[in-house]
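Below is one structure; the comments refer to it alone.
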Amino acid sequence: METEIEGATIAIVMITHNRVHDILRSLDELIRLPERPAIVVVDNGSHDGTAAVLAERFPQIRVLRSEANLGAAARTLGVRHIDAPYIAFCDDDTWWEPGNLHAAADLFDAQPRLAVITARVLVGPGNEEDPICRVLSCSPLPREPGMPGPPLLGFLAGASIVRRSAFLEAGGFEPRFFIGGEEELLAADLAARGWWLCYVPELVVHHHPSPARDGSKRRNTLARNALWFAWLRRPLRVALRKTIRPAWERPWSRDTWRTLFEALGGLPWALRRRRVLPPEVECGLRLLEGHS
């Protein structure tokens, strides 16, 4: 696909679905950034008039309209429409601290192996640090010389910046994963190619969580995607353990059965796409699992 926005060093890709009021607030913040980044919004099949409202209020922003909700794969669509070497992701309820995009670009320029930077997340008007930041800062993975922060084998898509070439080389986000743990597969595939993923707490993303959330559906998607990831990339004994363990640890509710059936429905696809991770990446995943 031809790129349509050219010339920027760093750009922003945002995805949205039926959250027109949230995205207006976030874009008001983003268009005031001193870096003046190119911004692409992928409207994931909204039916609340999002695309029309954005076109009227923010004519400087490129809006891509998808008829269907592509989930996280919409970010890949947005990335393919920009030729900037670095892409900052945003959800429709997040925005970047002024000056941070320029600082991130400098880090990427200085470290050619760096593929993903995840920022510190401050939540709500009180700017409270998201608890996940503590987990990221305490990563037990060995830190190589030159890394700008603790190494990771996962990232927060809505609070991360990626090197475009590395992101596309690894295939972007898997469409089947939709939204919920979609970063795990991409992170592992990047690491398998020798790329660095790092947490850099000096960079900040503001998150004002939208009230339009379906927590139950997201938990089911997370569980399903965790099983798919195990079948796609983990050694057989690990994949079997990941499949069997939920049967003992989770109550057998309707949601449990639905998650299992959805995961099993994707098993033939996962086995066809199966590619076990290199030993050093698998060792890192086990280190993280033992640390949690």
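Read-outs throughout are calculated quantities, based only on the coordinates presented, and are distinct from any laboratory measurement. The structure displayed is predicted, hence computed values, not measured ones. Counting neighbours? That spans all protein chains shown, and the Cβs are built from the backbone with ideal geometry, glycine included.
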For region 102-234, count the residues as N, evaluate 2.2 N^0.38 Å, and divide the Cα radius of gyration by that value, please.
1.06
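Over the chain, consider all pairs of different Cα atoms and compute the Kirkwood hydrodynamic radius from their mean reciprocal separation; express it in Å, one decimal. Don't jump to the answer; show the numbers that get you there.
Working: mean 1/r = 0.0508 Å⁻¹.
For the chain, the Kirkwood estimate is 19.7 Å.
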What are the principal axis extents of the Cα atoms in region 9-141, in Å, biggest first?
44, 34, 28
State the Cα centre-to-centre distance between region 86-143 and region 4-45 in whole Å.
17
Of Ile39, Ser26, Gly194, which is farthest along the charge dipole of region 10-207 in the positive direction, counting Lys and Arg as +1 and Asp and Glu as -1 at C-beta?
Gly194
So what does the Cα-only Debye profile of region 215-291 read at q = 0.13, 0.16 Å⁻¹, as log10 I(q)/I(0), no solvent term?
-0.41, -0.61
